[in-house]
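S.K.: The structure follows.
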Amino acid sequence: MGLEQFINEAISPWLKEDGPDSDIVMSSRIRLARNFEQSPFPLIANEEHLEGILYFLEKEFNHRSFTQYEQLEFVRMADLKSIEKQVLVEKHLISPHLAEKSQYGAALISKNEQVSIMVNEEDHIRMQLYFPGFQLKRALEEAFHIDDWLEQKIDYAFDEERGYLTSCPTNVGTGLRASVMMHLPALAMTRKISRMIPAINQLGLVVRGIYGEGSEALGNIFQISNQVTLGRSEQDIIEDLTSVVQKLIEQERQARTILKQQSELELEDRVFRSYGILEHSRIIESKETAKCLSDVRLGIDLGYIKHISKSILNELMVLTQPAFLQQYARRMLTPHERDVFRASLIRERFTLEQREEF
Amino acid sequence: MECQECQQNPATLHFAQVINGEKKEIHVCHQCAKEKGYIPPEDESYSLHNLLSGLFQFDSDAFHTSSPHHSMEQDLQCEKCGMTYQEFTRIGKFGCATCYETFSSHLNPIFRRVHSGNTTHDGKVPKRVGADIYERKQLRNLKWKLQQLIADEAFEEAANIRDQIRQLEKNLNQKGEGDA
């Protein structure tokens, strides 16, 4: 299979679309946690209960479609190879927990990969919706529609006082986790982000790097999400998150302008060095890949690089993950082989750009 | 005690698993707990889990020193899934929807800490299940008020409230029949 076709199949269709503020906000996500009223939560439920839930959801929702979200495909974790599950994790369609721990887990994934409903993860149902760019409000509205649609068939565990009941006390109430993925290279370069994070935390929001371990944010990609789910309405939660994200966008744009004014040559140098590395290296680790991709994307946003499509950061951050590389190679790879394969995939991807002459 | 999985390291984590009301105790080392999925692999969820069970522990500790009903409360057990309050504080997760009622008296301090002081839901209500939630809430409030009025011997007002309650109950019953 050629790289072009591989990428077409590998990158979720919605991720290729442009959204509002997509120079900084890569994607918006809404996740709602729900449970069946009658069954114990997956953590302690027995085979019979969990199979019952799988059977019911497959029967009711497999191959159904909901408004524009194309057909849902019911996939049982037990039927997938471990590499296939890993690919779904790298595409953020399922959680590592579902892939590794849920023996009776499944997912209903829409054809365009915008909707993924995880089954028997920590909760019976965890529906996720993705939108490109900064579109939290729209994502919430759509998630509510899907929730209502599911509710026609499912008796949710709900309590007047506590709201939607979830396995973990951190999700009770709305069951809502709203998050945005942001590319913040200028705030990271100027170290402003580390000063902003504690302030954001105080508002009940969490900032973390989504690639990389611990607090490190590989590729300057940060995820901002709400922590509080009880006692605030979904709209208020989104409102809070939105205003913080708007502030971050503003600050990032400002920092970019200042960087450009104060150290134009150094910035341009950094961008083109990274470009050179991606275009020519023969061995490259994921950490260096992420750093260079971030620089190149910034270079595109600032107008230094003109002939490369913006989606290259989103695309290659996913494609250069271990499971994707192995799927492209069609075999298991040692870490060193991965670095070689990664470099060659990136080189090929850049060649595609030049041929297409954007 | 040594880890029951690898039989090499000392067991540092102790779990109780309840399946169909049958309790099984698990004693493992941190490594095996991770491998066997007793604890989440991710750093983030692990630290969150730690933090949470820490909060619960704090709650139950405070409880042990102050409450005279110590032994009775300690045996608090969910009749639906069999989870005990002890297990809940250890795992940091509920076993089923009924656990919320069973452990209800202990939950407010936990929720307050986790959710910036909040204990009551203020958001979406399911369309089907929640259709008459508002009315039922009203009914509860009225019944409570009726008790108060009777206690205060304010019978005239009480009769008034009683009529309101009857009306609401009628409405709710009709709705119930309509659904069926």
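The values are calculated or read from the model by the stated rules, or taken from the named source; none is laboratory data. Keep in mind the model is a prediction, meaning the values are calculated, not measured. Positions of Cβ are generated from backbone atoms using ideal geometry, with glycine treated the same way; all protein chains shown enter the neighbour counts. For accessibility, only protein heavy atoms count, side chains too; no ligands or nucleic acids. Shrake-Rupley method; radii C 1.70, N 1.55, O 1.52, S 1.80 Å.
S.K.: Considering only C-alpha atoms, what is the centroid distance from the range A:94-123 to the range A:292-358, in Å?
M.R.: Cα centroid of the range A:94-123 versus Cα centroid of the range A:292-358: 27 Å apart.
S.K.: Continuing with the same structure: Checking the a/c ratio against 1.5 first, then a/b against b/c, what shape does the Cα gyration tensor give for the protein assembly as shown?
M.R.: Numbers: a/c = 1.91, a/b = 1.66, b/c = 1.15.
Because a/c hits 1.5 or more and a/b exceeds b/c, the protein assembly as shown counts as prolate.
S.K.: Dipole of the range A:34-85, Cα-centred, from +1 at each Lys and Arg C-beta and -1 at each Asp and Glu C-beta, to the nearest 20 debye?
M.R.: Rounded to the nearest 20 debye, it is 140 debye.
S.K.: Under 16 Å from a point placed 7 Å out from the Cα of residue B:166 along the Cα-to-Cβ direction: which residues of the range B:107-151 have their backbone N that close?
M.R.: B:143, B:146
S.K.: Solvent-accessible area per residue for chain A at a 1.4 Å probe radius, Å²? Walk me through the numbers on the way to the answer.
M.R.: On the way: 14680 Å² over 358 residues.
The answer is 41 Å² per residue.
S.K.: Suppose accessible area is computed on protein heavy atoms with a 1.4 Å probe; arrange A:29, B:140, A:273 from highest to lowest.
M.R.: A:273, B:140, A:29
S.K.: Name the residue, out of A:203, A:15, A:313, whose mean-square fluctuation peaks in a Gaussian network model built on chain A with Cα pairs under 10 Å.
M.R.: A:203
S.K.: Separation between the residue B:147 and residue A:83 pseudo-spin-labels, each 7 Å from Cα along Cα→Cβ, expressed in nm?
M.R.: Placing both labels 7 Å along Cα→Cβ, they lie 6.5 nm apart.
S.K.: At 222 nm, what value in deg cm²/dmol follows for the protein assembly as shown if DSSP H runs of at least 4 each add -39500 (n - 2.57) and the sum is divided by all its residues, to the nearest 500?
M.R.: Value at 222 nm, helices only, nearest 500: -16000 deg cm²/dmol.
S.K.: Is there a simple number for the mean count of other chain Cβ atoms within 10 Å of the Cβ of residues in B:81-87, and what is it?
M.R.: On the way: counts 6, 2, 4, 0, 0, 0, 1.
That average works out to 2.
S.K.: Need one number: nm distance between label points at residue A:287 and residue B:12, each 7 Å from Cα along Cα→Cβ, rounded to one decimal.
M.R.: 2.5
S.K.: Next question, about the same structure. Can you give the accessible area buried between chains B and A, summed over both chains, with a 1.4 Å probe, in Å² to the nearest 100? Provide the component values of the computation, followed by the final result.
M.R.: Working: alone 13040 and 16670 Å², together 25730 Å².
Chains B and A together bury approximately 4000 Å².
S.K.: Could you work out how far the C-alpha centroid of the range A:1-66 sits from that of the range B:89-122, in angstrom?
M.R.: 27
S.K.: With each pseudo-label sitting 7 Å past Cα toward Cβ, what's the residue B:30-residue B:128 distance in nm, one decimal?
M.R.: That separation, rounded to one decimal, is 4.6 nm.
S.K.: Turning to a different aspect of this structure: Can you tell which of A:99, A:199, A:107 shows the greatest fluctuation in a Gaussian network model of chain A with Cα springs below 10 Å?
M.R.: Sorting by GNM fluctuation, first place goes to A:199.
S.K.: Follow-up question, since we're still on this one. Given +1 on the Cβ of Lys and Arg, -1 on the Cβ of Asp and Glu, and no further charges, what dipole in debye does the range A:22-158 carry about its Cα centre, rounded to the nearest 20?
M.R.: Computed about the Cα centre, the dipole is about 340 debye.
S.K.: Within the range A:177-197, list the residues whose amide N lies under 16 Å from a label point set 7 Å along Cα→Cβ of residue A:262.
M.R.: In the range A:177-197, the label zone of residue A:262 (backbone N under 16 Å from the point 7 Å along Cα→Cβ) covers A:185-196.
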